[in-house]
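Working notes, structure below.
Read-outs: derived from the displayed coordinates by stated rules, not from any lab. Just so it is clear, the structure is predicted and the values come from calculations on it, not from any experiment. Reconstructed Cβ throughout: ideal geometry from the backbone, glycine too, with neighbour counts over all protein chains shown.
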Amino acid sequence: MRPISYTRAGTLEAAVKAFTAAGADARYLAGGTTLYDLMKLGVERPAHLIDLTGIAGLNIIETDGDVLRFGALALMGDVAYTPAVHEGYPVLSESLLKAASQQLRNMATVGGNLLQRTRCMYFRNGAGSTSTVGVYPCNRRQPGSGCAAIGGLDRGHAVLGASDACTAVSPGDWPVALMAMDATIELFGPGGARSIPIAEFYRLPSDTPHLQFNVDPAELITAITVPKTPGRASTYHKIRDRESFAFALASAAVAVEMDGATVRTARIALGGVATVPWRAQPAEDMVRGKTLTPELALEAGRAAFRGARPGQHNAFKMDLGARVIADALMIAAERRS
Amino acid sequence: MTSRNPGDTQHSGVTRRTVLGTGAGVAAATILPLQPDAQAQQLPAPIETGTTIRVSMSVNGQAVSLDIDSRASLLDLLRERLGFTGTKKGCDHGQCGACTIHLDGRPVVSCLTLAAKASGREVTTIEGLASGETLHPMQTAFIDHDALQCGYCTPGQIMSAVACVHQGQATNRDSIREFMSGNICRCGAYAGIVAAIEDVAANSREG
């Protein structure tokens, strides 16, 4: 690991100023569960860390207003157990509780979690210590070096949204839930404050997989807002290799508005199967205005994977993912009040 | 490899601990020069390349203040600088839970906690649970229920187990197992661990 300077910023303005002064080798630090981990692996090699966790007021959770508002530094565990979230928006709470162990939920922030990096083993473990390319090529880690996952051990990789340059799966659960709930991301940077819908936050890998977020490096996430939707019933359904504390093989965030047994609207997003948090509009279209049955739910699940491109070892995710959507739709519908 | 790159290492000569600490792949490369006598002396001399910063924190109720390498993890600070070796290094990547400690009363993995971030905060390790010679009820319960075999994961298990009861998550076996999923036990002592937590919760002993 390179020597690093460590500073604590007291305000947003001070953080951005410190970052701009430090240049390209600077990184903002919040919980550190991704960044420090990747520093140990040689994937991230910052020279300057600017700790944001001392900035006052950036961890506030507000549920009384027109929207749910989560300060970027709010801990995953604190948001998950906030009564209004836990009881009223199970898709949000469950996505956080299923995302990490309780220890990590006490460290990781809901803002930092949006920037979690892929768990592709070639990305994580291929950096080496002396080579610039690394033990394994990886276009995400080293642009233009190639992709060891394509044709390699790709059981955990994406079947949706992949390119010839990268098939690494987006690892998050919370961003998937936020995608289904039309969240907005609030940012602050050298140019001031701005907001973008979460649907515009993530970039498909295309031929530039090293660029994952539509955010300037000097910009900070300051808050996440979620529209209040009391009429929706929701769930975050996640299938893993083991029952707890594992990344998704396939997951679905589903929020439905029901009229008796008829689906008025459905919001469906997928995790574990795509290169970005994946909105499954074909599945939503299939159930809208219809009476929900297990057969229709599975048909909708299948529609989400039309056009999927499996690799060598991950074709099972198309069937698994369809069934996860189907089960999630039925679970959410049963929760309608 | 790391041994050729003194800027990335903090070796002070190769000891058993250094070899263990640098991981199997690196260890293999580091062991080779040890075979011929004199070659070990050609290993990089101890070079402190890091930036040091001053941190002050409370560890098990005692105030400590010292200069540390800004890259250090809280785990390494506790073990290598302060001598609290009860906290164990397993994976060093937040996946096994062996290094679980309490920071301001909440469990965290100390391996992924930058030591600098702990400045001004309260740290409790396994050494801080007992009151003098009297074990914490969870420590007693782990003994009573044979909740360990090799014992390496046990300090981390106990730190999480204490929080499980304290946070009211020890209401049933499923809830206990879910809460404890960030602590891996390769010996498979899970049945005893769950029983110990149930016991403490049922007896309303302070978690």
Checklist outcome for this item: Note: A:Glu62 to A:Asp241 extended length (0.36 nm per residue) minus current alpha-carbon separation gives 60.9 nm
Item to check | Under 26 Å from A:Lys290, Cα to Cα: lysines that are on another chain or at least 8 residues apart | outcome: A:Lys228, A:Lys238
Checklist entry - By how many degrees, between 0 and 90 and to the nearest 10, does the Cα long axis of helix A:12-22 differ from the longest principal axis of chain A? => result 50
Item to check | Cα long-axis angle, helix A:294-304 against chain A (0 to 90 degrees, to the nearest 10) | outcome: 40
Item to check | Folded to 0 to 90 degrees: helix A:316-334 orientation relative to chain A principal axis, Cα | outcome: 60
Checklist entry - Hey, got the dipole for region A:117-218? About the Cα centre, +1 on K and R Cβ, -1 on D and E Cβ, debye to the nearest 20? => result 360
Next on the checklist: Quick check on the exposure proxy: order A:Met121, B:Met57 from fewest to most C-beta atoms within 10 angstrom.
Outcome noted: A:Met121, B:Met57
Checklist outcome for this item: From fewest to most C-beta neighbours within 10 Å, the residues A:Lys290, B:Lys89, A:Lys238 line up as A:Lys290, B:Lys89, A:Lys238
